[in-house]
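The structure under discussion appears below in the form of structure tokens.
The values are calculated or read from the model by the stated rules, or taken from the named source; none is laboratory data. Note that this is a predicted model, so its numbers are computed, not measured. Because the Cβ atoms are built from the backbone with ideal geometry, glycine has one as well, and the counts that use them run over all protein chains shown. Side chains included, ligands, DNA and RNA excluded: accessible areas come from the protein's heavy atoms. Shrake-Rupley method; radii C 1.70, N 1.55, O 1.52, S 1.80 Å.
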Amino acid sequence: MQWRTGRGDVLLKGSRRAGGAAVGTVVAGLAAGAFGPRSDLCVVLIFTALALATWLRELSYAYWRGV
């Protein structure tokens, strides 16, 4: 049995993804403005976020893809 999604489900999921991308872009822009160019701390924070995301993905895929 294959589960089928309706148009409403697809629209809701798409709007959540677009909203999440917009919020993420704003947060990243604000965070980038808090550091000077070529900041070592900024690079460390980027790799820390990637490591945390990878670790959370191992716990549950829902953390990685966003529910």
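By definition, a body whose alpha carbon gyration tensor gives a ≥ b ≥ c is oblate when a/c is 1.5 or more and a/b is not larger than b/c, and the chain fits this oblate description. Modelled spin labels at L45 and R57, positioned 7 Å past Cα toward Cβ, are 2.2 nm from each other.
Taking every protein chain into account, the accessible area of the chain amounts to 92 square angstrom per residue (probe 1.4 Å).
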